[in-house]
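Just below is one structure, and these are the notes that go with it.
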Amino acid sequence: MTSRAASAHLALLALFVLFALLPPSVSAEEVWPVVKRFAAAEARQAVAVDAAHFYAITNRAIGKYDKTTGKKVAEWKDADGGPFIHLNSGIVIDGRLYSAHSNYPGVPMHSSIEVWDTATLRHVRSIAVGTGRGSATWVDHRDGAWWVMYAHYPPPNGEPGKGPAFSVLVRYDDDWRETGAYGFPKTIVERWDGMSSSGGVWLPDGRLLESGHHAPELHLLRLPTAGATLLFERTIAVESDGQGIALDPSDPTLVWSIQRKTAEVLVSRMSP
């Protein structure tokens with residue numbers, strides 16, 4: 001068998017194994033295979049990526065890694081007794097790493113967007129988005145607007161009388177004034193399996209790619225032409241078990257994610 005044939009055989013075997021490991025509740029129309037993986041101790045909540053580096057995020061620490069070699073080049077950690085509680089998904093824009101942050105599992109829920117200089121990993125700004133919406137889990141920017149996901153959870157880690165169905169995606173202008181909000185369809189809420197959305201990115205074609213908390217799948221949604229509920233398109237099987245995701249700015253066919261149980265950052269390629 002040639003090396004090319006052997007590689008193709010291994011790729012097909014990997015896809016077969018992935019399908020075999022999917023829980024019965026996961027019915028996916030396609031699989032996006034892993035094409036790279038990197039060890040990263042901070043791969044507990046999310047990963048963000050820019051042209052040269054990726055940033056593995058855990059509750060109170062961030063590791064900066066070379067995107068090609070996977071070598072760790074810098075890190076940031078909150079001081080003992082510091083103000084950070086639960087960092088979540090992040091995005092890099094113009095040399096700044098923006099990360100959703102909350103007081104999870106505290107109630108009432110308090111949320112903020114925290115900002116670091118990617119060159120130095122120095123924390124440079126905190127944007128308080130306050131209370132009332134939920135626990136901020138991811139942030140993205142598209143067409144002159146900020147988008148922040150606010151999760152709700154069942155007791156004891158949620159606010160009384162609310163649960164995952166109250167989770168909401170909120171749009172802000174560049175001055176952080178709220179300009180709109182969208183709920184999620186029942187199909188997605190059920191697939192969250194008692195949790196909520198942990199990651200999301202807007203794709204170049206205007207659709208939303210979203211991940212839950214622990215299922216090995218991604219969801220494609222789009223904005224409605226009327227009403228305030230996002231529209232579900234389909235489910236995609238992936239290896240990573242939920243959490244934060246990122247779109248590669250150098251190659252938008254690559255989706256970065258994490259695998260908490262192995263402390264890895266995974267890179268998956270979208271289907272053509």
>> Restricting to the range 128-171, name every residue that is of a type in the set (Lys, Arg) and either more than 18 Å from residue 200 (Cα to Cα) or part of a strand (DSSP E or B) (or both).
In response: 142, 162, 171
> Which residues, counting only those in the range 173-216, are more than 18 Å from the chain's Cα centre (by Cα) and not in a strand (DSSP E or B)?
Replying inline: 173, 174, 175, 176, 177, 185, 186, 187, 190, 205
> How many of the residues making up the range 149-169 are over 17 Å from residue 222 (Cβ atoms) and either in contact (Cβ under 8 Å) with a residue 60 or more places away in the chain or surrounded by 13 or more Cβ atoms within 10 Å (Cβ to Cβ) (or both)?
Replying inline: 13
> Going by the conditions given, is residue 44 under 19 Å from the mean Cα position of the chain (by Cα), within 17 Å of residue 200 (Cα to Cα), surrounded by fewer than 20 Cβ atoms within 10 Å (Cβ to Cβ) and not aromatic (Phe, Trp, Tyr)?
Replying inline: yes
>> Anything in the range 230-272 that is among the aliphatic types (A, V, I, L, M), part of a strand (DSSP E or B) and over 14 Å from the mean Cα position of the chain (by Cα)? List them, or say none.
In response: 231, 236, 237
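Is it the case that some residue within the range 76-90 is under 20 Å from the mean Cα position of the chain (by Cα), more than 28 Å from residue 181 (Cβ to Cβ) and without any contact (Cβ under 8 Å) to a residue 60 or more places away in the chain?
yes
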> Looking at residue 200, is it touching a Ser or Thr at 6+ places or on another chain (Cβ under 6 Å) and either among the basic types (Lys, Arg) or at pLDDT 95 or above (or both)?
Replying inline: no
> Of the residues 189, 265, which single one is aliphatic (A, V, I, L, M), in contact (Cβ under 8 Å) with a residue 24 or more places away in the chain and out of contact with any strand residue (DSSP E or B) (no Cβ under 8 Å at 6 or more places or on another chain)?
Replying inline: 189
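Out of the strands (runs of 3 or more DSSP E) lying entirely within the range 13-105, which hold 3 or more residues that are at pLDDT 95 or above and touching a Gly at 6+ places or on another chain (Cβ under 9 Å)?
34-39, 46-49, 53-58, 72-77, 86-93, 96-102
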> Which residue, of 65, 55, 98, is within 29 Å of residue 162 (Cα to Cα) and aromatic (Phe, Trp, Tyr)?
Replying inline: 98
>> Go through the range 113-143 and report how many residues are hydroxyl-bearing (Ser, Thr, Tyr) and either touching a helix residue (DSSP H, G or I) at 6+ places or on another chain (Cβ under 9 Å) or surrounded by fewer than 22 Cβ atoms within 10 Å (Cβ to Cβ) (or both).
In response: 4
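The values are calculated or read from the model by the stated rules, or taken from the named source; none is laboratory data. Just so you know, these numbers come straight off a predicted model, no measurement behind them. Reconstructed Cβ throughout: ideal geometry from the backbone, glycine too, with neighbour counts over all protein chains shown.
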